[in-house]
Amino acid sequence: STRIPNYFNSSALLVIKPQRLTSKIVENPSKEEMQERLNTLAQEILSRPRLRAVMDDLNLYPELQGLNRERALLKFSDSITKEYITSATGSHSNQIFKLGFTHQDKDKAYEVAKELSRLFIEGSMIDQRSEVQGTADFLDAAPLSR
């Protein structure tokens, strides 16, 4: 008989919150804008260069390194899941999603899920900082009313 290997899935629930500024100063982003930001962030984090760096840092798929490096990258990408969370009422949130990774080694599954989550959090913080800086620049440039 053949033996099917065990697979372990590690996941993290991520909440990407928009910057909280008073709506008298700056309009809150629409759902479409939030979805676009999250999709852009996901494309950046899950891009080939970023995944390759994570794969190298965590020594994933050493048996596929070398000539099969592209196969290893494809296998890595296919093992990542990203699913949006729906509430108990059935409404779809574009700010909350579950990021997961499946691997034969439970420790690797955990480490990769943790690293990808860290990259999403870091990317979201950078996005928020640039938004705050843009708002501050706008307010500094606006003429004062007396």
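The values are calculated or read from the model by the stated rules, or taken from the named source; none is laboratory data. Nothing here was measured: the structure is a model prediction, and the numbers come from that model. Positions of Cβ are backbone-derived with ideal geometry, glycine not excepted, and every protein chain shown enters the neighbour counts. These accessible areas exclude ligands, DNA and RNA; they are computed on the full protein's heavy atoms, side chains included. Shrake-Rupley method; radii C 1.70, N 1.55, O 1.52, S 1.80 Å.
Structure above, values below:
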{"item": "Label-point gap, in nm, between LYS114 and ARG69 - each point 7 angstrom along Cα→Cβ", "result": "2.7 nm"}
{"item": "FRET efficiency for GLU44 and ASN9, using Cβ-Cβ distance with R0 set to 25 Å, rounded to 0.05", "result": "0.60"}
{"item": "Surface per residue (accessible, 1.4 Å probe) for region 36-90, Å²", "result": "63 Å²"}
{"item": "Label point distance in nm, THR81-LYS17, each placed 7 Å from Cα along Cα→Cβ", "result": "2.7 nm"}
{"item": "Probe 1.4 Å - accessible area at GLU122, Å² to nearest ten", "result": "80 Å²"}
{"item": "Listed residue pairs exceeding 23 Å between alpha carbons, taken from LYS75/LYS98; LYS17/LYS82; LYS17/LYS75", "result": "LYS17/LYS75"}
{"item": "Gain in span if fully extended, ILE96 to ASP56, counting 0.36 nm per residue against the direct Cα distance", "result": "11.6 nm"}
